[in-house]
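This report refers to the structure that appears directly beneath it.
The values are calculated or read from the model by the stated rules, or taken from the named source; none is laboratory data. For clarity, every value in this text was computed on a predicted model and none was experimentally measured. When we count neighbours, we look across all protein chains shown, and the Cβ atoms used for this are built from the backbone with ideal geometry, even at glycine. Accessible surface is based on the protein model in full, side chains and every heavy atom, while ligands, DNA and RNA are left aside. Shrake-Rupley method; radii C 1.70, N 1.55, O 1.52, S 1.80 Å.
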Amino acid sequence: MWSGKRSIGLSKFCVLVFMGLLMGTVVVAPWLTAWFVSFSQTMQGAESLFMATIYIGAIPAAYLLHNLLQLLRRIEAGQVFITENVECLRRISWCCFAGAGVAAVSGFYYLAWLFVFVAAAFMGLIVRVVKNVVAQAVALKDESDYTV
Amino acid sequence: MPIVVNLDVMMAKRKMSSGELAEKIGISQANLSILKTGKAKAIRFSTMEAICKALECQPGDILEYREEE
């Protein structure tokens, strides 16, 4: 039977898979970029730029995944509408914007990065709205808890 | 908050303990403590009614408005 607890477990598993993928990408980045550059004939000599994008972009991505895991752990513990989660969502949103910034700059040497920029910025915006909703929910819960 | 809860004063006047009042009005001691320490953000009419009945007083005896300095 599917339950909320299993759903959180699946989400945590997915976050861990993404963490693994991120670490894998960082480790194999030199070979990955070399392969990509040799594959696309027009990007000769851009290995260092791709490497820079991957390594700089990995920082907000790792921080985002760390925050996501923290958020899921708190939700699993039944702590949903708390200020810490609002802060966590705020950090996740800023990580998305940071990733979008890195992708936007990278768009100058490889246009396809602009798709990543749009996707990350849009995701950041959605998370920011969710953060605002959770912040209101925290305020409502606080008021309800302190109504005697 | 400029609303001051004078529950302690009324309880002292009626010589009633927290446990006794909590039992009479049907709320937990923890909630009564929230009310007494001024941490409460709102009070239900039903709770106020029960307090007034238990302490034989008026809502004005429990709540007071004081201008913030």
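Write down the accessible area per residue of the range A:4-147 in Å², having rolled a 1.4 Å probe over the full set of protein chains. Mind dumping the intermediate values first?
Details: 8740 Å² over 144 residues.
Result: 61 Å² per residue.
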query: Do any residues of the range A:116-148 lose at least 50 Å² of accessible area when the full set of protein chains is present rather than just their chain alone, and if so which, with a 1.4 Å probe?
result: A:146, A:147, A:148
- prompt: At what distance in nm do the modelled label points of residue B:37 and residue A:42 sit from each other, each positioned 7 Å from its Cα along Cα→Cβ?
  reply: 6.6
- request: Select from A:148, B:34, A:9 the residue farthest towards the positive end of the dipole of the protein assembly as shown; place +1 on Cβ of Lys and Arg, -1 on Cβ of Asp and Glu, and compute about the Cα centre.
  value: A:9
- line: For residue A:133, the accessible surface traced by a 1.4 Å probe with all protein chains present amounts, in square angstrom to the nearest 10, to 90
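Take the solvent-accessible surface of the protein heavy atoms, probe 1.4 Å, and return the percent of it on the range B:3-65 that carbon and sulfur atoms account for. Spell out each step's value before the answer.
Working: 2010 of 3870 Å².
Solvent-exposed carbon and sulfur of the range B:3-65 make up 52 percent of the total.
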message: Can you compute the modelled spin-label distance between residue B:48 and residue A:140, with each label point 7 Å from Cα toward Cβ, in nm?
response: 2.4
message: If I take R0 = 22 Å and measure r between the Cβ atoms of residue A:130 and residue A:21 in this structure, what FRET efficiency does the formula 1/(1 + (r/R0)^6) give, to the nearest 0.05?
response: 0.40
Residue-count net charge about residue A:138 - beta-carbon cut-off 15 Å; Lys, Arg +1, Asp, Glu -1: 0
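About the Cα centre of the protein assembly as shown, what is the dipole size in debye to 20, counting +1 per Lys and Arg Cβ and -1 per Asp and Glu Cβ, all else neutral? Mind dumping the intermediate values first?
Values: 20 positive and 17 negative charges, 108 e Å.
So the magnitude is around 520 debye.
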task: Let me know the longest stretch in chain A that avoids all chymotrypsin sites (Phe, Trp or Tyr not before Pro) found in a DSSP loop with at most 15 other C-beta atoms within 10 Å.
output: A:3-107
query: If R0 is 35 Å, what FRET efficiency do you get for residue B:63 and residue B:23 from their C-beta distance, rounded to 0.05?
result: 0.95
- prompt: Relative to the first principal axis of the alpha-carbon coordinates of chain A, what is the inclination of helix A:113-145, with its axis defined by its Cα atoms, in degrees from 0 to 90 and to the nearest 10?
  reply: 10
